[in-house]
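Following: one structure in C-alpha cells, then a few remarks.
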Amino acid sequence: MNPVTWIALGLLLVLAAVFTPRWIGNWREVRRREQTEDALKFLLDREQEGRHASAESLAGTLGLSLPATLRLLARMESQNLLELRGHELHLTPEGERWALHIVRAHRLWERYLADEARMPLEKVHAEAHRREHHVTADQLDRLDAALGYPATDPHGDPIPNRAGQFLQDEGVELTRWQDDTPGVIVHLEDEPAIAYAQILAAGLRLGQTVRILEKTPQRYTLSDGENEYRLAPAVAANVHVAPLPESRRLQLGAIPLWQLTHDQRGEIVMLDDAVQGFTRRRFLDLGLTPGTEIYPELKNFFGDPRAYRVRGTLIALRKDQAAQIWVKPH
C-alpha cells in the first residue's frame, strides 16, 4: 500500500472516530422519539375506544420486547406523558396533546398523499407514518390551510384541529345497517390491511351511496344503483355508513358530469364528498359551483380529456374528474 493510500485510510479512520458516535447518537434519539410517538398514538386510540392499554399490549403493537417496552414507558413517565394506574396506562394532558398532534400530522399527510400526490390508497398509510414524526405544529397549520381544512382523512377518520378538537363520524358498521336502506359510506377501516385491500379491490369509496341487497352468513351484496359489490361479512364490518345528508339527497336523481351526452346540458348540483383540498379549490376557482350550467363541447376523438363549457369558458376535465361533479340534466 503506497503512502497516499495510507494517508487516505488514516483520514477516513479519523473522520469515522469523530462523526460516527454523533451520528449514532442522533439516530438513537430520532428512533426513541418515533417510538414515543407511536406509543402515544396507540394509547390515545385505546382511550378513544373506552379501553386502556397495558405494557404487554403496547409491546405487541410496537414489536418490542417487554423489557424494552418497560424502559420506553419509564422514559415517557419521566416526561410526564403517561401514568400507570394498576396495570393500565393512562395519558396525561401533555401526553394527549402530543398524541393528537401526531394523529393530526398523520391524517393530514394521508389527505395530501391521496388527493394531491395521487398515491394509491393502500400505500398512503405507510408513507404518512414515515412523515408524521418530522413536522411542527406551524408546518401542520400551513398544510391544513393549503388543503382547505379537510374534516376527514381518505379513510373517513376525523382530522383534529390544532386545539385537538374534531367531530367524530356517526357511521355504523355495514353489518348493523338496515337492509334496503340507502346510506353513505363515511369510513373505510384500513386495518387489517388485507381487509382494506379487498374493499378497494371491490371498488368501494368514501362518499358512495349504497344499499344492502342481500346478506347471508357467507357474503353481503351491495348496490350503488349501477354496480353490485360482494364482501365477506368480516370485510363488510370494516365499511361504515351513515344516513344520507341533505346534500346527498339532492344528489339523488343527478348523474356524474361525464355521463352527459354531447347535446345535453346540465346544472351542477354538488361536488362529490371525495373532492377535497387543492382539487376542490381548483374546481371552485373554475366556477364549478352548485347552480351553474355546464355542457360538453368539442368532441375528443380519444374521449379523454373532454371539453366542457362553463360560465362562458372552455375547460378540459378527465373522466375521473368529471365523475366527481354531479349534475341534473335539463
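Computed from the coordinates by the stated procedures, all read-outs in this text should not be read as laboratory data. Keep in mind the model is a prediction, meaning the values are calculated, not measured. Heads up, the Cβs are rebuilt from the backbone with ideal geometry, glycines too, and the neighbour counts pull from every protein chain shown.
Overview of values
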| quantity | calculated |
| --- | --- |
| Cα-based reach from K41 at 29 Å (exclusive), listing lysines while leaving out same-chain residues under 8 positions away | K123 |
| Amide proton proximity set for V310, modelled H, under 5 Å, gap of 5+ | I315 |
| R51/A323 FRET efficiency (R0 35 Å; Cβ-Cβ; nearest 0.05) | 0.30 |
| Cα-based convex hull, the stretch 172-244, per residue volume (Å³, whole number) | 74 Å³ |
| The chain - Debye-derived log10 I(q)/I(0), Cα point model, q = 0.08, 0.12, 0.14 Å⁻¹ | -0.52, -0.96, -1.17 |
| Helix 93-115 axis, angle to the chain major axis (alpha carbon atoms, nearest 10°) | 50 degrees |
| With Cα atoms, 0 to 90° folded angle of helix 137-146 axis to the chain main axis | 20 degrees |
| Nitroxide proxy distance, nm - points 7 Å out along Cα→Cβ at A234 and R71 | 3.6 nm |
| Value of [θ]222 nm, deg cm²/dmol, for the chain, DSSP H segments ≥ 4, -39500 (n - 2.57) each, nearest 500 | -14000 deg cm²/dmol |
| Convex hull projection area averaged over all views, the stretch 65-200, Cα basis, nm² | 11.0 nm² |
| Förster radius 30 Å - calculated FRET efficiency between H134 and V172 (Cβ-Cβ, nearest 0.05) | 0.25 |
| In degrees, nearest ten, helix 193-202 long axis to first principal axis of the chain (Cα) | 20 degrees |
| For the stretch 266-273, 3J(HN,Hα) per residue [Karplus equation, 6.51 cos²θ - 1.76 cosθ + 1.60, θ = phi - 60°, Hz, x = Gly/Pro] | x, 10, 5, 9, 6, 8, 4, 4 |
| Efficiency of FRET from Cβ geometry, E226 and E293, R₀ 35 Å, rounded to 0.05 | 0.90 |
